[in-house]
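**Student:** Take a look at this one; I'll ask things after.
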Amino acid sequence: MTEFTTARPFAHEDVSHWDLETDVAVVGFGASGASAAIEAAAAGARTTIFEMGSGSGGASALSGGEIYVGGGTDVQQAAGFDDSVEALEAYLLAAGGPDADAAKVGLYARESLNHFQWLKDQGVPYKGTFVPGKIIEPETDDTLIWSGSEEAWPFSEQAKPAPRGHVIQHMGWGGGRKLVDILEAKARELGVDVRCDARVLSLVVDRSGAVTGLVVKIDNKPLFVRATRGVVLCTGGFCMNQDMIRRYAPEALRLSDPIGENDNGSGILMGMGVGGDAIHMDQFFTTCPWIMPPSLVKGIMVNQRGQRFINEDCYHGRVSRTMIDQPGDRIYLLADNAIFERPIDLARIEIAAVGETWEEVEQELGMPEGTLAATVNTFNRYAAEGRDPIFHKHPQWLKVLDDGPFVALELNFRDSYFSFFTLGGLSTLPTGEVLDSAGKPVSGLFAAGRATSGLPRWGHGYSSGMSLADCTFFGRQAGRQAAASADALVAAAE
Ligand SMILES: Cc1cc2nc3c(=O)[nH]c(=O)nc-3n(C[C@H](O)[C@H](O)[C@H](O)COP(=O)(O)OP(=O)(O)OC[C@H]3O[C@@H](n4cnc5c(N)ncnc54)[C@H](O)[C@@H]3O)c2cc1C
């Protein structure tokens, strides 16, 4: 019996007959797959989606449905924020880290307003109201929030701050299901052929290296699918593939809460198997929801040596990611009586020590004398002057921690809830074309979403909404580009 593997493509010349034929084959029916399919079908291509689950969704349907959009949306304007394409671009470049994809960032910044309109045109509702303060997702059906590190150092110096987390109108957390349902309805309306319980096993590649189709398992049988214009991989990331985590992102082995649906890395492996380059595979987003309640942001974080390591007013994910860079397996969040409130249960953060003085807390934690207490004294001395010359925490979050009793809350990587998903993936052009290690497109192969390394590609810079922004926008690009590919490209290889 023929064996099919994700890591090795099936030879085109060994296909005895094709069971199905389509123009564009989209693999995965989350936000990126749905967006790709909508655009491919709208461009007139026969489009088929293959989804291994029993319905659409993926991580996208589990998400908050928050999308990072800016440049001066009507929602931003109504809330009194004056955003610009330049400020959005500057923020995304900073958030993308040392190897931000300037081409994708530039295109997204310029097209952000049009993309927001496109989302609305698909039927995605936005109430148009703003919730101030530091939150993770609105508890209400409001639709604009601060969702990153825009107001925090160093980002505040690199880009004019504005809130850009545009959340689908939905009561409470978790609007992602509604977002995917809306995109699915649109795809079906456009005639996209949706095949669920259909796991793609392998790509099919011809002698020239062009992808000509795929092998999919339906009803326990492998079917050969000819994709005349291209295959678009929208299979999500690999946070649920332990072998890939071990190999590519071992720092994430310290975390026990991968989030997603079927983030098994199969699309990345299939792409690599036909010569696609995979980049920034060590990068991942992580967060422990320690900012709830937000009064705790006025506390300070120290590592096991009693040293501070970041301005705590950054995006909770940036602070959480930086925790993992610290020595040891736990971090302490220090608060005084004035700001202390119990963290939400979800975070699994416990009290590790209490004391009438910071010296007592230090002693109870077993730290050498003069370590943690010295850190707090230094912080307090400057906070009293309304400044933080070491980490530049914004004055609005500075408070002298002098109102005893004092507490050290423990976040540890074994018990606390550090959710994570991966950011590395196939290297693509803004058009979604998958590149090989020489920087040449792999003919007939496209990808989008967390199967690629896109706008969000640096765990220390991730901001909420950046993944779905990338999935929906670059999913659309990939679908359009695949639909426009000349049939002749692959026909020539037959
Ligand atoms: C709880 C939670 C909240 C989040 N909130 C937000 C948020 O508000 N904003 C934001 O930007 N990001 C958020 N994220 C992250 C974001 O949801 C994901 O990064 C994004 O949805 C990934 O979309 P995707 O299309 O790449 O993959 P997915 O949505 O995961 O879709 C991939 C699909 O491919 C299918 N698949 C995989 N392999 C195969 C195969 N071999 N054959 C066939 N099908 C296959 C999977 O079953 C899946 O349905 C959140 C994530 C979680 C889990």
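The values are calculated or read from the model by the stated rules, or taken from the named source; none is laboratory data. In this text, all values refer to a predicted model and were calculated from it rather than measured experimentally. FYI the Cβ positions are ideal-geometry reconstructions off the backbone, even for glycines, and counts take in every protein chain you see.
**Student:** Suppose we filter I168, I135 for residues that are surrounded by 23 or more Cβ atoms within 10 Å (Cβ to Cβ), β-branched (V, I, T) and either farther than 14 Å from M466 by Cα or touching a residue at least 60 places away in the same chain (Cβ under 8 Å) (or both); which single one remains?
**Tutor:** Testing whether each residue is surrounded by 23 or more Cβ atoms within 10 Å (Cβ to Cβ), β-branched (V, I, T) and either farther than 14 Å from M466 by Cα or touching a residue at least 60 places away in the same chain (Cβ under 8 Å) (or both) leaves just I168.
**Student:** Can I ask one more? Hey, can you tell me all the residues within the range 136-164 that are touching a Gly at 6+ places or on another chain (Cβ under 9 Å) and of a type in the set (A, V, I, L, M)?
**Tutor:** The answer is I136, L144, I145, A162.
**Student:** While we're here: Looking only at residues that are within 22 Å of the chain's Cα centre (by Cα) and in a loop (DSSP other than H, G, I, E, B) in the range 119-130, which one is farthest from R177 (Cα to Cα)?
**Tutor:** Y126
**Student:** Out of E341, E360, report the one residue that is in a helix (DSSP H, G or I) and over 30 Å from S453 (Cβ atoms).
**Tutor:** Result: E360 is the single residue among E341, E360 that is in a helix (DSSP H, G or I) and over 30 Å from S453 (Cβ atoms).
**Student:** Report every pair of residues separated by at least 6 positions or lying on different chains whose Cβ atoms are under 8 Å apart, first residue within the range 384-412 and without any contact (Cβ under 8 Å) to a residue 12 or more places away in the chain, second of a type in the set (A, V, I, L, M, F, W, C).
**Tutor:** Going by the 8 Å Cβ cut-off, the qualifying pairs are R387/L398.
**Student:** Restricting the first residue to the range 13-42 and requiring it to be closer than 23 Å to S54 by Cα and of a type in the set (S, T, N, Q), which pairs with a second residue that is more than 14 Å from the ligand (Cβ to nearest atom) and not in a strand (DSSP E or B) meet a Cβ separation below 7 Å and a spacing of at least six or different chains?
**Tutor:** Partner pairs satisfying both residue conditions: T22/R46.
**Student:** I would also like to ask the following. Would you check which residues across the range 435-480 are away from the ligand (no atom under 12 Å from the Cβ) and on the phi > 0 side of the Ramachandran plot and list them?
**Tutor:** G439, G444
**Student:** Could you list all residues from the range 302-330 that are of a type in the set (A, V, I, L, M) and either within 24 Å of the chain's Cα centre (by Cα) or more than 27 Å from D402 (Cβ to Cβ) (or both)?
**Tutor:** The answer is I310, V319, M323, I324.
**Student:** Next up: On the basis of being assigned to a loop (DSSP other than H, G, I, E, B), among the charged types (D, E, K, R), under 18 Å from the mean Cα position of the chain (by Cα) and at pLDDT below 95, does E137 make the cut?
**Tutor:** The answer is yes for E137.
**Student:** I would also like to ask the following. Taking F418 as the residue in question, decide whether it is under 26 Å from the mean Cα position of the chain (by Cα), within 16 Å of the ligand (Cβ to nearest atom) and of a type outside the set (K, R).
**Tutor:** So F418 passes the test.
**Student:** In addition: For I291, state whether it is in contact (Cβ under 8 Å) with a residue 12 or more places away in the chain, over 19 Å from F418 (Cα atoms) and β-branched (V, I, T).
**Tutor:** So I291 fails the test.
**Student:** Could we say that S427 is buried (at least 24 other Cβ atoms within 10 Å of the Cβ), within 30 Å of Q326 (Cα to Cα) and of a type in the set (G, A, S) here?
**Tutor:** no
**Student:** Give me the helices (runs of 4 or more DSSP H) completely within the range 1-104, filtered to those with at least 1 residues that are buried (at least 18 other Cβ atoms within 10 Å of the Cβ) and within 15 Å of the ligand (Cβ to nearest atom), ordered by residue number.
**Tutor:** Fully inside the range 1-104 and qualifying: 31-42, 58-62, 85-95.
**Student:** Another question about this same structure. In the range 143-180, how many are more than 21 Å from the chain's Cα centre (by Cα) and outside any loop (DSSP other than H, G, I, E, B)?
**Tutor:** Count: 3.
**Student:** Can I ask one more? List, please: which pairs have Cβ atoms under 6 Å, are six or more places apart or on different chains, and start with a residue in the range 68-88 that is in the same structural domain as F155 (by TED's automatic domain parsing) and without any contact (Cβ under 8 Å) to a residue 60 or more places away in the chain and end with one that is surrounded by fewer than 21 Cβ atoms within 10 Å (Cβ to Cβ) and β-branched (V, I, T)?
**Tutor:** Taking only residues 6 or more apart or on different chains, the pairs are G71/V85.
**Student:** Just to confirm my filter: which strands (runs of 3 or more DSSP E) fall fully inside the range 404-494 and include at least 2 residues that are hydroxyl-bearing (S, T, Y)?
**Tutor:** By residue number, 419-422.
**Student:** Here's a follow-up. State the number of residues belonging to the range 143-165 that are over 30 Å from R387 (Cα atoms) and surrounded by fewer than 21 Cβ atoms within 10 Å (Cβ to Cβ).
**Tutor:** Of the residues in the range 143-165, 0 are over 30 Å from R387 (Cα atoms) and surrounded by fewer than 21 Cβ atoms within 10 Å (Cβ to Cβ).
**Student:** Starting from the range 47-60, keep only residues that are over 13 Å from A31 (Cβ atoms) and at pLDDT 95 or above, then list their pairs with residues that are more than 7 Å from the ligand (Cβ to nearest atom) and not in a strand (DSSP E or B) whose Cβ atoms are within a distance under 7 Å, requiring at least 6 positions of separation or different chains.
**Tutor:** T47/A37; T47/A40; T47/A41; T47/V192; G53/C196; S54/C196; S54/D197; G55/C196
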